[in-house]
1. Is there a residue in region 26-47 that is part of a loop (DSSP other than H, G, I, E, B) and over 26 Å from SER10 (Cα atoms)?
2. Restricting region 15-72 to residues that are more than 23 Å from ILE5 (Cα to Cα) and among the aliphatic types (A, V, I, L, M), which is surrounded by the most Cβ atoms within 10 Å (Cβ to Cβ)?
Amino acid sequence: MPVHIADLLSCWMRRGGSKTQKKWWNLVPSCIWWSIWRERNNRCFKNITNPMQKVKESCINTLFLVYRRGYR
């Protein structure tokens with residue numbers, strides 16, 4: 001398991017697959033970090049805490065919305 005974020009991204013970007021698969025695979029870390037960042041801000045600035053399951057659902061919903069808006 002990579003220790004640093006840069007190492008994690010380096011490993012993540014080495015995945016194979018078609019051009020479309022790579023494009024989508026590369027979106028996953030952004031969706032994960034976006035969901036975590038938004039949860040962190042809610043906790044720090046709005047005093048709102050969501051369960052981990054809701055954070056996971058937020059990540060999946062973000063991917064779905066990107067797909068629905070035509071990212072291909």
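1. Scanning region 26-47 turns up at least one residue that is part of a loop (DSSP other than H, G, I, E, B) and over 26 Å from SER10 (Cα atoms).
2. If we take residues in region 15-72 being more than 23 Å from ILE5 (Cα to Cα) and among the aliphatic types (A, V, I, L, M), then VAL66 is surrounded by the most Cβ atoms within 10 Å (Cβ to Cβ).
All of the numbers you see were taken from the coordinates with simple rules; none came from a lab. Bear in mind that the values here come from a model prediction, so they are computed numbers and not experimental data. Cβ: placed from backbone, ideal geometry, glycine included. Neighbour counts: every protein chain shown.
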